[in-house]
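Undergrad: Following this message is one structure expressed as structure tokens.
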Amino acid sequence: MKRNLVGTQKNLIPFLAICFGLLFSSIVYNSHNSKVYGHLFTRDQTGTFVSIIDQVQTELQLVVANLVNNNVSLAENHATKASSLLPRVIGEIGEDNPQLVGELMRSVFGMENMSSTTYSKSQNISKLVNNLNEKLDNAKIIRIAQVQPTSNFLDKVTNLLGGVFGGNTGEPSSEQAQNSRIEALAFAELMDAVLVNYGKAYNVGFDMTNISNMIMASSNSTTGSMVMNNTVRNSNSDTGNTNLNMNMDSMNNSSSPIPEHKGEMDNGYQLIHNADYQTAQAFAKKGLVFFNSDLRHMANNNKAIFVNNLEKGLEHLNNSIENKGSPTEIMMIVHTEIHPNLLEAFNLELRK
């Protein structure tokens with residue numbers, strides 16, 4: 001018994017060391033970059049979990065992409081970014097799959113400390129990342145299934161997979177409605193992560209996710225306010241979104257036609273951090289792919305106008321990031337073309 005206890009303690013020491021390393025890297029990376037995600041919408045623990053997993057998976061894919069291009073430094077940066085996200089989800093992952101937690105921490109810790117690479121090595125990392133991301137996909141499915149309002153857990157998983165892959169032309173079930181809400185909230189947080197990383201890339205010095213940093217002019221002054229008028233004000237959705245209308249109205253009645261910090265952003269900022277730019281670009285692409293493959297099909301048929309506007313906003317966002325648009329432009333697209341249409345398409349609630 002003593003020998004077993006000693007062996008357990010020896011095995012525990014490196015495990016705890018990795019845990020500490022992940023926590024420390026998270027603190028260092030985020031200490032000066034604390035942001036609030038999903039700032040417009042009511043938070044959802046499952047939606048946040050799904051969004052963080054999406055971000056971890058994307059960062060791991062960027063590790064592989066940079067290794068293929070023989071850029072070890074950027075690969076390590078993305079491994080560090082993935083590591084900084086893990087403390088937000090490893091607790092919940094560990095409840096269902098403690099083995100995956102250890103595998104994730106060991107693998108990401110190793111990726112953070114690569115000093116050289118070859119094409120063969122990048123191929124091995126590619127297989128590792130594909131394996132991890134497949135397991136993370138399963139973690140998302142299990143997490144969503146656990147909050148579905150059905151009595152049998154196996155039925156929950158079956159219903160979830162059927163909703164994702166089987167299609168349904170009728171009215172959404174309660175399970176499908178909840179699933180679409182979770183996915184929409186996760187999507188909203190992913191869009192905020194685009195803003196956070198784009199802000200870091202250009203070192204803007206303020207929170208691009210904070211809508212109060214935008215001060216809009218009267219109704220026809222800018223493209224942004226025109227988008228709001230064509231989406232939010234024409235809505236026939238529930239009265240739960242009245243607060244957003246009031247918020248947009250107050251912005252439209254303000255004295256400035258541009259975001260408060262536009263002069264600073266357009267005149268003083270250049271692309272500084274390539275890893276953060278790559279992350280913002282990859283998150284935006286992931287958002288568009290997920291929208292086309294899944295999210296657009298989760299909205300009710302009577303929300304077609306908002307779904308179409310949301311698609312246009314996502315395409316605009318991806319094109320602008322590809323062209324290295326100004327932080328002002330990226331901020332405007334997310335706040336005026338994506339968030340309002342997302343809210344209306346999925347009847348999301350605002351934070352009180």
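Undergrad: Testing the spin-label approximation: label points 7 Å from Cα along Cα→Cβ at residue 96 and residue 71. State their distance in nm.
TA: 3.4
Undergrad: Order of 275-282, 51-58 by packing, highest average Cβ count within 10 Å first?
TA: Working: 275-282: 21.5, 51-58: 23.5.
The peptides rank, most packed first, as 51-58, 275-282.
Undergrad: From the cross-link list 286/324; 140/303; 286/312, which pairs have alpha carbons spaced over 20 Å apart?
TA: Numbers: 286/324 17 Å; 140/303 26 Å; 286/312 15 Å.
Beyond 20 Å: 140/303.
Undergrad: Now for a different question. What's the carbon and sulfur percent of the range 288-352's accessible surface, probe 1.4 angstrom, rounded to a whole number? List each step's numbers first, then the result.
TA: Details: 1270 of 2750 Å².
About 46 percent, which is the carbon plus sulfur part of the accessible surface.
Undergrad: Test of understanding: what is the full-extension gain from residue 312 to residue 106, defined as 0.36 nm times their sequence separation minus their Cα-Cα distance?
TA: Numbers: separation 206, 0.36 × 206 = 74.16 nm, distance 4.04 nm.
Answer, rounded to one decimal: 70.1 nm.
Undergrad: Next question, about the same structure. In nm, give the distance between the simple-model label positions of residue 138 and residue 272, each being 7 Å from the Cα along the Cα-to-Cβ direction.
TA: Result: 4.3 nm between the two label points.
Undergrad: Mind listing the long-range amide H neighbours of residue 350? Cut-off is under 5 Å, sequence gap 5 or more, other chains count too, H placed in the peptide plane at 1.01 Å from N.
TA: 42
Undergrad: Rounded to the nearest 0.05, what FRET efficiency do residue 210 and residue 323 have when you use their Cβ-Cβ distance and R0 = 30 Å?
TA: 0.80
Undergrad: In square nanometres, what is the average projected area of the Cα convex hull of the range 289-338?
TA: 3.4
The values are calculated or read from the model by the stated rules, or taken from the named source; none is laboratory data. Source: prediction; values computed, not measured. Backbone-built Cβ (ideal geometry, glycine too); neighbour counts: all protein chains shown. The area values use the complete protein model at the heavy-atom level, side chains included, leaving out ligands, DNA and RNA. Shrake-Rupley method; radii C 1.70, N 1.55, O 1.52, S 1.80 Å.
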